[in-house]
Amino acid sequence: MTDLYRTATRAFHLMDPEEAHLLTIRALKLGLGPVDRSPPDPALATTLCGLTLPNPVGLAAGFDKNAEVPLPMLRAGFGFVECGTVTPYPQGGNPRPRLFRLTEDRAVINRMGFNNAGLEPFEARLRALKRPLSGPVGANLGANKEAIDRIADYVTGLTRLWGACDYFTVNISSPNTPGLRALQSRAALEELTGRLGEARRAMVGATDLNPPVFVKVAPDLGEDEVEAMTEVAVAAGINGIIVSNTTLARPESLVSPHRDETGGLSGAPLMGPSTRVLDLFRQAARGRLALIGAGGVASGDDAYAKLRAGASAVQLYSAMAYEGPGLVLRIRRELAARLKAEGFASVAEAVGV
Ligand SMILES: Cc1cc2nc3c(=O)[nH]c(=O)nc-3n(C[C@H](O)[C@H](O)[C@H](O)COP(=O)(O)O)c2cc1C
């Protein structure tokens, strides 16, 4: 079966990347995705801010922008799935082409620009999910490009999706919505987390639910910025940081003809830089925030390196463009073997060691 998916993935490579992605989503909706039939591995089970994960390998935001396939992706073996980025109102995103494979570099550049169908269908799909699910499903929140008060868009997302998802991610690190990353500055982040905290407290009071809230950051941050963001996040009661989104940097090593396309770079060349920033957050947070490592994860060793740098769980997207959704089972197998070889009986034991 895995060979079938590998062949299909190779065939998809001959197509325009965005068309291939749309076709993948359609196939997954039809139930044509891989199904994980392996017994659960207790050594991979872990927790993240009170969420129970069957394994620490999650699907990163951007793959399922409209919350169409969280169930098929859990079935494929992911330990958790993050849908979105969703904005309050539907928007078309940037003109095509806006997604590029850098095959020689095992990388991707995208400048999608938060193309999504808006909160309404997103909320309806999440509320229709039959629970319990095999793993948590998160909602990644964004702001409409034309919004006058961008912070209000995040508050709207949090309020509307309260009780519909297991956790929230506040995405202030997409490079493809002009000015969005400015929300990472100390003053803007204070205002954003302050207003979100207020909305959150009101919802907790009204519902007795209190899902964790994560902030997703860029990899293009220096030590001072990491320290400032950490202090603001801790003070505001943010539960964790996802490190990281795509990078604006273009490493010298890139050889693909698409290397100079505008947008965010992800995949293998992001592994080193995003893990270094993860390590900075670990040092700054000193256990006060959970960390989730994203950027370039394509193997069990990559996932293991993120855990050692302080991540309680990891997420991936770009590597799937090269290997298809079957990739998660290989990563899980490799990670379990690596943990055992290093003498760790569980994921949690290896975090930040
Ligand atoms: C095509 C594409 C679209 C993405 N869209 C989003 C998005 O909507 N929201 C978000 O927070 N991250 C988005 N990302 C970033 C990923 O979630 C992830 O943080 C990043 O790609 C690094 O992981 P990777 O190297 O495993 O892809 C997107 C990435 C790609 C490749």
### Message
I'm told LEU209 meets every condition in (1) at pLDDT 95 or above; (2) under 20 Å from the mean Cα position of the chain (by Cα) except one. Can you identify the failing condition by its number?
### Response
(2)
### Query
When you scan segment 162-176, how many residues do you find that are within 14 Å of the ligand (Cβ to nearest atom) and either of a type in the set (Gly, Ala, Ser) or not in a strand (DSSP E or B) (or both)?
5
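Could you list, in sequence order, the residues of segment 190-211 that are in contact with a strand residue (DSSP E or B) (Cβ under 8 Å, 6 or more places away or on another chain) and either outside any loop (DSSP other than H, G, I, E, B) or within 16 Å of the ligand (Cβ to nearest atom) (or both)?
LEU192, THR193, LEU196, ARG200 - these are the residues of segment 190-211 that are in contact with a strand residue (DSSP E or B) (Cβ under 8 Å, 6 or more places away or on another chain) and either outside any loop (DSSP other than H, G, I, E, B) or within 16 Å of the ligand (Cβ to nearest atom) (or both).
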### In segment 5-21, the residues that are within 18 Å of ALA76 (Cβ to Cβ) and within 15 Å of the ligand (Cβ to nearest atom)
PHE12, ALA20, HIS21
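Do we have ASN245 as assigned to a loop (DSSP other than H, G, I, E, B), within 23 Å of GLY138 (Cα to Cα) and away from the ligand (no atom under 13 Å from the Cβ) here?
Against the criterion (assigned to a loop (DSSP other than H, G, I, E, B), within 23 Å of GLY138 (Cα to Cα) and away from the ligand (no atom under 13 Å from the Cβ)), ASN245 does not qualify.
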### Task
Name every residue in segment 139-161 that is within 14 Å of the ligand (Cβ to nearest atom), free of Cβ contacts under 8 Å to residues at least 60 places away in the same chain and of a type outside the set (S, T, N, Q), in order of residue number.
LEU141, GLY142, ALA143, LYS145, TYR154
### Message
Please determine whether any residue of segment 73-83 is of a type outside the set (Lys, Arg), within 14 Å of the ligand (Cβ to nearest atom) and surrounded by fewer than 21 Cβ atoms within 10 Å (Cβ to Cβ).
### Response
no
### Query
Would a scan of segment 331-347 turn up a residue that is closer than 24 Å to SER174 by Cα and either more than 16 Å from the ligand (Cβ to nearest atom) or touching a residue at least 40 places away in the same chain (Cβ under 8 Å) (or both)?
no
### Query
Does any residue in segment 298-321 that is farther than 20 Å from LEU51 by Cα and near the ligand (Cβ under 9 Å from one of its atoms) come within less than 8 Å, Cβ to Cβ, of a residue that is among the charged types (D, E, K, R) and modelled with pLDDT under 95 six or more places away or on a different chain, and which pairs are these?
ALA298/GLU323
### Message
If the requirement is being under 23 Å from ASN176 (Cβ atoms) and more than 15 Å from the ligand (Cβ to nearest atom), which of these qualifies: PRO121, PRO97, PRO90, PRO42?
### Response
PRO121
### Query
Does LEU270 count as of a type outside the set (Phe, Trp, Tyr), within 16 Å of the ligand (Cβ to nearest atom), under 17 Å from PHE100 (Cα atoms) and in contact (Cβ under 8 Å) with a residue 12 or more places away in the chain?
yes
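Before we move on, is SER253 in contact (Cβ under 8 Å) with a residue 24 or more places away in the chain, in a strand (DSSP E or B) and either among the hydroxyl-bearing types (Ser, Thr, Tyr) or over 24 Å from PHE63 (Cβ atoms) (or both)?
It is false that SER253 is in contact (Cβ under 8 Å) with a residue 24 or more places away in the chain, in a strand (DSSP E or B) and either among the hydroxyl-bearing types (Ser, Thr, Tyr) or over 24 Å from PHE63 (Cβ atoms) (or both).
So that you can scan it fast, the table gives a plain yes or no per residue for (1) surrounded by fewer than 19 Cβ atoms within 10 Å (Cβ to Cβ); (2) within 30 Å of ASP36 (Cα to Cα); (3) in contact with a helix residue (DSSP H, G or I) (Cβ under 9 Å, 6 or more places away or on another chain):
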| residue | (1), (2), (3) |
| --- | --- |
| VAL137 | no, yes, yes |
| SER173 | no, no, yes |
| GLN184 | no, no, yes |
| ALA188 | yes, no, yes |
| GLY205 | yes, no, no |
| VAL213 | no, yes, yes |
### Query
Is at least one residue of segment 238-253 surrounded by fewer than 17 Cβ atoms within 10 Å (Cβ to Cβ), among the hydroxyl-bearing types (Ser, Thr, Tyr) and under 21 Å from GLY296 (Cβ atoms)?
yes
### Task
Provide a single number: the residues in segment 95-114 that are of a type in the set (S, T, N, Q) and surrounded by 20 or more Cβ atoms within 10 Å (Cβ to Cβ).
1
### Task
Kindly check whether there is at least one residue in segment 260-267 that is within 13 Å of the ligand (Cβ to nearest atom), surrounded by fewer than 23 Cβ atoms within 10 Å (Cβ to Cβ) and over 17 Å from THR169 (Cβ atoms).
yes
### Residue among LEU289, LEU254, LEU327 that alone is farther than 18 Å from SER174 by Cα and away from the ligand (no atom under 15 Å from the Cβ)
LEU289
### Query
Would it be correct to say that THR230 is touching a strand residue (DSSP E or B) at 6+ places or on another chain (Cβ under 7 Å), among the polar types (S, T, N, Q) and crowded, with 17+ Cβ neighbours inside 10 Å?
no
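The values are calculated or read from the model by the stated rules, or taken from the named source; none is laboratory data. No experiment lies behind these values; they were computed from the predicted model shown. For neighbour counting, all protein chains shown are included, and Cβ atoms are generated from backbone atoms with ideal geometry for every residue, glycine included.
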